[in-house]
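**Q** Structure in structure tokens, see below.
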Amino acid sequence: VEMGAPPGAGRERMLPRVVVELWSDTVPRTAENFRALCSGEKGACKSQFGSPPLCYKGNQLHRIVPGQVFQGGDITSGDGRGGESIYGRTFPDESFDGKAGKHDRKGLLSMANSGRNSNGSQFFITLDALPHLDGKHVVFGRVVEGMAAVEAIADVAGNAAGGMPTKRRVTIEDCGVV
């Protein structure tokens with residue numbers, strides 16, 4: 001799965017290409033949710049938020065804390081208060097077993113949520129080991145290309161005082177499956 005500006009976009013790219021590996025062998029429902037939100041294949045949201053596309057394309061990263069997290073995926077309100085999964089508004093935590101439960105290094109892809117069993121579309125990339133998140137957020141993949149760019153953007157756009165609002169607008173210009 002990749003996020004970033006399409007090749008030859010012809011304008012300044014705020015987020016270069018970032019490629020992630022999804023752990024569909026460990027957490028298949030969580031990985032499929034992210035994959036489908038990257039492809040945009042599921043159409044529009046069906047919740048009380050109206051009907052925005054079930055897709056990350058054009059979505060703003062709403063929370064960036066340097067050295068901690070790079071967070072986005074609120075496809076309904078764009079400010080961290082919303083989101084919706086391909087399964088409905090939310091879906092349950094799939095597993096915290098093995099690698100799906102450990103925030104032990106930078107570059108991990110994890111579900112952002114508001115408590116147990118409240119996963120929607122929001123996700124974050126770890127910028128360091130964050131063991132205090134173990135057992136609270138399902139880890140479902142890792143960055144395999146573009147981590148240096150993620151860290152550089154976090155340093156420039158991040159807000160150390162809780163991460164919100166970001167100092168600069170960072171948008172997922174394009175996304176899909178490779």
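The values are calculated or read from the model by the stated rules, or taken from the named source; none is laboratory data. In this text, all values refer to a predicted model and were calculated from it rather than measured experimentally. So basically every Cβ, Gly included, is an ideal-geometry build from the backbone, and we count neighbours across all protein chains shown.
**Q** Only one of Ile172, Ile125 is of a type in the set (A, V, I, L, M, F, W, C), touching a strand residue (DSSP E or B) at 6+ places or on another chain (Cβ under 6 Å), surrounded by 16 or more Cβ atoms within 10 Å (Cβ to Cβ) and closer than 15 Å to Gly67 by Cβ. Can you tell me which?
**A** The conditions single out Ile125.
**Q** Can you tell me which residue is nearest to Thr30 (Cα to Cα) among those in region 154-178 that are under 15 Å from the mean Cα position of the chain (by Cα) and aliphatic (A, V, I, L, M)?
**A** Val177
**Q** Please enumerate the residues belonging to region 119-157 that are among the hydrophobic types (A, V, I, L, M, F, W, C), assigned to a helix (DSSP H, G or I) and either closer than 25 Å to Thr76 by Cα or at pLDDT 95 or above (or both).
**A** Within region 119-157, Leu133, Met147, Val150, Ile153, Ala154, Ala157 meet the criteria.
**Q** Oh, and also: Could you check region 85-105 and list, in sequence order, the residues that are closer than 22 Å to Thr171 by Cβ and surrounded by fewer than 24 Cβ atoms within 10 Å (Cβ to Cβ)?
**A** The answer is Ile86, and nothing else.
**Q** Which of the following residues is under 18 Å from Pro16 (Cβ atoms) and surrounded by fewer than 20 Cβ atoms within 10 Å (Cβ to Cβ): Val150, Val178? First the steps, then the outcome.
**A** Values: Val150 fails: surrounded by fewer than 20 Cβ atoms within 10 Å (Cβ to Cβ).
Being under 18 Å from Pro16 (Cβ atoms) and surrounded by fewer than 20 Cβ atoms within 10 Å (Cβ to Cβ) holds for just one of Val150, Val178, which is Val178.
Every residue, every condition in (1) without any contact (Cβ under 8 Å) to a residue 60 or more places away in the chain; (2) aromatic (Phe, Trp, Tyr); (3) closer than 20 Å to Val150 by Cβ, yes or no:
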residue: Val65; (1), (2), (3): no, no, yes
residue: Asp74; (1), (2), (3): yes, no, yes
residue: Gly78; (1), (2), (3): yes, no, yes
residue: Arg81; (1), (2), (3): yes, no, no
residue: Glu84; (1), (2), (3): yes, no, no
residue: Pro92; (1), (2), (3): yes, no, no
residue: Ala100; (1), (2), (3): no, no, no
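**Q** Could you list, in sequence order, the residues of region 151-178 that are touching a Ser or Thr at 6+ places or on another chain (Cβ under 9 Å) and of a type in the set (S, T, N, Q)?
**A** The one that is touching a Ser or Thr at 6+ places or on another chain (Cβ under 9 Å) and of a type in the set (S, T, N, Q): Asn159.
**Q** Considering every residue within region 167-175, establish whether at least one is among the polar types (S, T, N, Q) and either at pLDDT below 95 or closer than 15 Å to Val20 by Cα (or both). Working first, answer last.
**A** Our first condition is that a residue be among the polar types (S, T, N, Q); within region 167-175, this holds for 171.
Adding the requirement that they be either at pLDDT below 95 or closer than 15 Å to Val20 by Cα (or both) leaves 171.
Yes, region 167-175 contains a residue that is among the polar types (S, T, N, Q) and either at pLDDT below 95 or closer than 15 Å to Val20 by Cα (or both).
**Q** Follow-up. Just to be sure before I move on: is Ser95 within 14 Å of the chain's Cα centre (by Cα) and among the hydroxyl-bearing types (Ser, Thr, Tyr) in the structure I sent? Break it down stepwise before answering.
**A** Values: within 14 Å of the chain's Cα centre (by Cα): no; among the hydroxyl-bearing types (Ser, Thr, Tyr): yes.
No; evaluated as a whole, the condition is false for this residue.
**Q** Take region 36-54 and flag every residue that is buried (at least 21 other Cβ atoms within 10 Å of the Cβ) and modelled with pLDDT of 95 or more.
**A** Hits for region 36-54 are Leu37, Cys38.
**Q** Regarding Arg116, is this residue among the basic types (Lys, Arg) and at pLDDT 95 or above?
**A** Working: among the basic types (Lys, Arg): yes; at pLDDT 95 or above: yes.
In short, yes.
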